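The values are calculated or read from the model by the stated rules, or taken from the named source; none is laboratory data. Remember, it's a predicted structure, so these values are computed and weren't measured experimentally. Quick reminder, even Gly has a Cβ in these numbers, built from the backbone with ideal geometry, and neighbours come from all protein chains shown. With ligands, DNA and RNA removed, areas are computed over all heavy atoms of the protein, side chains included. Shrake-Rupley method; radii C 1.70, N 1.55, O 1.52, S 1.80 Å.
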Amino acid sequence: MAVVKDDQQTSKKKETPESEDDKRRKKMVPGGLMKAMIRPGGGDAMPSDGDQVIYHSTIRTLDGVVVQSTRSEFGGKGTPIRQVLGKSKMILGLLEGIPTMQKGEVAVLKMKPELHYGEDDCPVSVSDSFPKDAELNFEIELIEFSKVKVITEDLGILKKVIVEAQSWENPRDLYEVKARISAKSGDGHSLQLHTTAEPILFTFGQSEVPKGLEMGIGTMSRGEKATIYVTSQYLSQSPLIPSIDSIEEVHFEVELIHFIQVRDVLGDGRLIKRRIKDGKGEFPMDCPLQDSRLRVHYKGMLVNEEKTVFYDTRTDNHGQPLEFSSGEGLVPEGFEMCVRLMLPEEISLVTCPPDYAYDKFTRPANVPEGAHVQWEIELLGFEMLKDWTGMDFRAIMDDVEKTKGTGNRLFKEGKFALAKAKYDKVLREFNHVNPQDDEEGKEFANTRNLLNLNVAACYLKMGNFRKSIETCNKVLDANPVHVKALYRRGMAYMEAGDYEEARNDFNKMMTIDKSSEANAKAALLKLKQTEQEVEKKARKQFKGLFDKKPGEISEVGLDDKVNETTVKEDKDAQERLISYQEENDGVEDEPPAPPPARMGSFSRLLNSSMNLFKSLGVNRCSIL
């Protein structure tokens, strides 16, 4: 017999935190583990940490009595053991002995008790009748070893790649998957799958195949072939294998031929994109970005039995495709969201609810209000809008004006998020612009301030008052006496209920610029009216709670009557304030802002009192 390497003979390890197995290896003593080769293996490779090893094991006493075996001729089930070195719980003798073996090798590992189940705190348990205090011989046949992907930490699902994938996209819920699948039990017997289809078609995430198999396929890509090892706890009932009783483990041979991308775009099952024909490129890297110029053919249909076609670019547009720029609100929101997820030359079928189709967009005459629609869309191609590389300052600023103009249009249409995206894009690109003289520097700084104030106006309309304040602060950090920034921030403070901060900003306007005094006073007047209205409503709501004698029960709003008073309007101040707020790039009347995020009871009271203020025009946002 040859002595198996002891602790001093192990290869040098990288300086990493000591693992539990490393700590256990320190228990190795010379002569504790001996190896005798019965049959040599093939090749030079030996298993290492991370490899899956599959082996038969027969344990005997030194006088030849079989104690335990995986082989059927010795009373076992005939199923070899499958473990992952460095991951699975193993006795110390096998942890050290198996890495010295080659594929197909048969060897006897003679172990002292402290190297098998007699080890203190052994991670593997055995029955009380097992002779764990005796020296034993372990006859091991190493059937196979290979690298595997560990899919679940409990090692219940593993994957061995046989043929590498052709792409990196993986199937996910709702994807329609086409695959060749065969199955064997852990002891090597073929299992009959409950299908005659070849290849098998199933919808990912719909429990049409066992859970463990689906989880394994979810790590695969087109063209990949793999063996997926699934233990019993992941063999859920499914149409593919209806009977799983008494099956401890299944080895699935899988070839992932193809899958169709089906995306629940909103996450609530209402806006569904189904890819009919694959495009060119890799998803999502080769999909169009914001501010792309897109060319599409599409056919619009009503979701009814007749699939009534209401528009087709190939017949209704003289055969010409639709061209539009993304991010400008030129097509229904659901349409653009799905096109942005397409690859060039891809064809997809999109099912869209009315609120993402034509209920909030110009509706064709033959599309009823509230109708669900389908679009069959082919993305012919797209072009990225030009960047500013190599452009002179004047050309850049001309381009900025165009983008800002688009943002202003979107703002006036009530598409505040899209408008903000336009302004944000320019502000990001401004990081790479370097004015060459003082005049250019002044124009650049002024334009950046105006863009930030427009972003603040978008935040204000979107109900994100704190973000609006933060954005105004960017302008005021650079120019503390910027009157329009103070005004915009004061409006945001007022909406947020921070009245003292709002008052400070309006007062500061007057000290900085005497010409803004009338406008600041008008804003302060409305601020005062708002505070009074909020206070009045608060007194009405809470009156009686704190004016009863001890022991008495107060009832809110039952016996108290509040005389309604009207707020006297200063018409001249109103007109002056509105005129001041509408000094912008042609933006005039604005649509009402959407409701802010959910509020508490006091915030709702505050917001309701603000409605009076808004009705008088003080909440109007100007775009610069």
Query raised in the report: So how many residues does segment 467-507 have that are surrounded by fewer than 21 Cβ atoms within 10 Å (Cβ to Cβ) and within 15 Å of LEU524 (Cβ to Cβ)?
Result: 8
Requested in this report: Consider ARG270 carefully, then state whether it is open to solvent by 30 Å² or more (accessible area, probe 1.4 Å), touching a helix residue (DSSP H, G or I) at 6+ places or on another chain (Cβ under 9 Å) and over 23 Å from ILE54 (Cβ atoms).
Outcome: yes
Query - Failed item in (1) surrounded by fewer than 17 Cβ atoms within 10 Å (Cβ to Cβ); (2) over 19 Å from TRP375 (Cβ atoms), with GLU255 passing the rest - result: (1)
**Report entry** Considering residues of segment 177-193 that are modelled with pLDDT under 95 and touching a Lys or Arg at 6+ places or on another chain (Cβ under 9 Å) only, the residue most open to solvent (accessible area, probe 1.4 Å)
**Finding:** SER190
Report summary line: Over segment 129-148, the set of residues of a type in the set (Ser, Thr, Tyr) and open to solvent by 50 Å² or more (accessible area, probe 1.4 Å) is SER129
Report task. Identify all residues within segment 84-113 that are surrounded by 20 or more Cβ atoms within 10 Å (Cβ to Cβ) and of a type in the set (D, E, K, R); write none if there are none. Result -> GLU96, GLU105, LYS110
Report task. Answer with yes or no whether GLU336 is surrounded by fewer than 19 Cβ atoms within 10 Å (Cβ to Cβ), in contact with a Ser or Thr (Cβ under 8 Å, 6 or more places away or on another chain) and acidic (Asp, Glu). Result -> no
Query raised in the report: Which residues, taken from segment 293-327, are touching a Gly at 6+ places or on another chain (Cβ under 8 Å), open to solvent by 70 Å² or more (accessible area, probe 1.4 Å) and in contact (Cβ under 8 Å) with a residue 24 or more places away in the chain?
Result: ARG295
Query raised in the report: Looking at this structure, is GLU144 part of a strand (DSSP E or B), within 45 Å of the chain's Cα centre (by Cα) and of a type in the set (Asp, Glu)?
Result: yes
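Scanning segment 382-403 for residues that are under 30 Å from the mean Cα position of the chain (by Cα) and charged (D, E, K, R), which turns out farthest from PHE444 (Cα to Cα)?
GLU383
To keep it simple, each residue is scored yes or no on (1) surrounded by 17 or more Cβ atoms within 10 Å (Cβ to Cβ); (2) under 22 Å from LYS280 (Cα atoms); (3) in contact (Cβ under 8 Å) with a residue 60 or more places away in the chain; (4) under 24 Å from the mean Cα position of the chain (by Cα).
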site	(1), (2), (3), (4)
LEU349	yes, yes, yes, yes
PRO354	yes, no, no, no
GLU369	no, no, no, no
TRP375	yes, yes, yes, no
LEU380	no, yes, yes, no
Query raised in the report: Are there any strands (runs of 3 or more DSSP E) wholly within segment 63-115 with 1 or more residues that are among the hydroxyl-bearing types (Ser, Thr, Tyr) and free of Cβ contacts under 8 Å to residues at least 60 places away in the same chain, and if so which?
Result: 66-69
Report summary line: Filtering segment 172-188 down to residues that are in a strand (DSSP E or B) and out of contact with any helix residue (DSSP H, G or I) (no Cβ under 8 Å at 6 or more places or on another chain) yields GLU176, LYS178, ARG180, SER182, ALA183, LYS184, SER185
Query raised in the report: Among the strands (runs of 3 or more DSSP E) contained in segment 289-405, which hold 1 or more residues that are within 30 Å of LEU451 (Cα to Cα)?
Result: 292-302, 322-325, 373-384
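Being among the aliphatic types (A, V, I, L, M), surrounded by fewer than 20 Cβ atoms within 10 Å (Cβ to Cβ) and touching a strand residue (DSSP E or B) at 6+ places or on another chain (Cβ under 7 Å) is the requirement here; does ILE81 meet it?
It is true that ILE81 is among the aliphatic types (A, V, I, L, M), surrounded by fewer than 20 Cβ atoms within 10 Å (Cβ to Cβ) and touching a strand residue (DSSP E or B) at 6+ places or on another chain (Cβ under 7 Å).
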Report task. Give segment 414-437 a look and list any residue that's of a type in the set (Asp, Glu) and either surrounded by 15 or more Cβ atoms within 10 Å (Cβ to Cβ) or within 19 Å of ASN464 (Cα to Cα) (or both), or say none. Result -> ASP424, GLU429
Report task. Give LYS514, LYS540, LYS568, LYS528 a once-over and let me know the one that is modelled with pLDDT under 55 and open to solvent by 100 Å² or more (accessible area, probe 1.4 Å). Result -> LYS568
Query raised in the report: Within segment 32-44, how many residues turn out to be assigned to a loop (DSSP other than H, G, I, E, B) and exposed (fewer than 11 other Cβ atoms within 10 Å of the Cβ)?
Result: 2
Requested in this report: For ILE276, indicate whether it is open to solvent by 20 Å² or more (accessible area, probe 1.4 Å), over 27 Å from the mean Cα position of the chain (by Cα), among the β-branched types (Val, Ile, Thr) and modelled with pLDDT under 95.
Outcome: no
Report summary line: Exception for THR403 within (1) open to solvent by 30 Å² or more (accessible area, probe 1.4 Å); (2) modelled with pLDDT under 95; (3) among the hydroxyl-bearing types (Ser, Thr, Tyr) falls at (1)
Report summary line: The condition from (1) among the β-branched types (Val, Ile, Thr); (2) closer than 21 Å to GLU135 by Cα; (3) surrounded by 19 or more Cβ atoms within 10 Å (Cβ to Cβ) that VAL53 misses is numbered (2)
Report task. Find all pairs meeting these conditions: Cβ atoms under 7 angstrom apart; at least six residues apart or on different chains; first residue within segment 157-171 and open to solvent by 40 Å² or more (accessible area, probe 1.4 Å) and part of a strand (DSSP E or B); second residue at pLDDT 95 or above and hydrophobic (A, V, I, L, M, F, W, C). Result -> VAL161/ALA226; ILE162/ALA226
**Report entry** Of all residues in segment 382-400 being touching a Lys or Arg at 6+ places or on another chain (Cβ under 9 Å) and touching a residue at least 24 places away in the same chain (Cβ under 8 Å), the one that is most open to solvent (accessible area, probe 1.4 Å)
**Finding:** GLU383
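Tally time: how many residues in segment 202-233 are aliphatic (A, V, I, L, M) and surrounded by fewer than 16 Cβ atoms within 10 Å (Cβ to Cβ)?
Step one: of segment 202-233, the residues aliphatic (A, V, I, L, M) are 209, 213, 215, 217, 220, 226, 228, 230.
The next check asks that each one be surrounded by fewer than 16 Cβ atoms within 10 Å (Cβ to Cβ); those that pass are none.
Here the count works out to 0.
This table checks each residue for (1) under 22 Å from ASP291 (Cβ atoms); (2) at pLDDT 95 or above; (3) in contact with a Leu (Cβ under 6 Å, 6 or more places away or on another chain).
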site: PRO353; (1), (2), (3): no, yes, no
site: LYS360; (1), (2), (3): yes, no, no
site: ALA365; (1), (2), (3): no, no, no
site: HIS372; (1), (2), (3): no, yes, no
site: GLU378; (1), (2), (3): yes, yes, no
site: PHE382; (1), (2), (3): yes, no, yes
site: ASP398; (1), (2), (3): yes, no, no
site: LEU410; (1), (2), (3): yes, no, yes
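For (1) closer than 21 Å to VAL150 by Cα; (2) among the basic types (Lys, Arg); (3) more than 20 Å from the chain's Cα centre (by Cα), each residue gets a yes or a no:
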position	(1), (2), (3)
THR195	no, no, yes
GLU198	no, no, yes
GLN206	no, no, yes
LYS225	yes, yes, yes
PRO242	no, no, yes
ILE257	no, no, yes
ASP268	no, no, no
Report task. Output the residue which, of all residues in segment 237-252 that are on the phi < 0 side of the Ramachandran plot and among the polar types (S, T, N, Q), is least open to solvent (accessible area, probe 1.4 Å). Result -> SER238
